[in-house]
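Read through the structure below, which is laid out as structure tokens, and then see the notes.
The values are calculated or read from the model by the stated rules, or taken from the named source; none is laboratory data. The shown structure was predicted, so the numbers you read here are calculated from the model rather than taken from an experiment. Quick reminder, even Gly has a Cβ in these numbers, built from the backbone with ideal geometry, and neighbours come from all protein chains shown. SASA here: full protein model, heavy atoms, side chains in, ligands and nucleic acids out. Shrake-Rupley method; radii C 1.70, N 1.55, O 1.52, S 1.80 Å.
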Amino acid sequence: MREQTPGRPTKVMLAAALALIMFIGPHDSQADNFRKVTYDPVTDELVIVVVYRGTNPDHQFSLKWGPCIDRGGNQHEIVAELLDQQFQDAARKDYKKTLRMSLAAMDCRPAAVTLRTAPRFYYTLTVPERR
């Protein structure tokens, strides 16, 4: 049986310390996230309820569109990244904001539209052809 050398941490102790650091460490890096995403056919807009952390409720958001991918058979895919213009704002308080993003200029239809923000958050919905 191998003896523990005094002053030398075990793997279990290191794993417990790492878990504790991750649990109590700074949470300033919480990213924007989608609470709800819908398509409004009456106004031809994406309605995005986004939650974020910051010092003020006045963050401005925009969409950065990727290329339209034609999958054949009148099926398309497109990705849009939701950009927070104040992404470096200190994460002090939780905020929720409803965004209405016009799709009037979007010719990529019908399409599976994938919205994403940060590395882990995404939402896909279908936007139909124009009426």
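Scaled against the 2.2 N^0.38 Å expected of a compact globular protein of N residues, the Cα radius of gyration of the stretch 39-131 reads 1.18. Inter-label distance, Ser102 to Asn74: 2.7 nm, where each label sits 7 Å from its Cα along the C-beta direction. Stretching Trp65 away from Gln86 to a fully extended chain increases their span by 5.7 nm, per 0.36 nm per residue minus the current alpha-carbon distance.
Solvent-accessible area assigned to carbon and sulfur over the stretch 71-131 amounts to 47 percent, based on a 1.4 Å probe.
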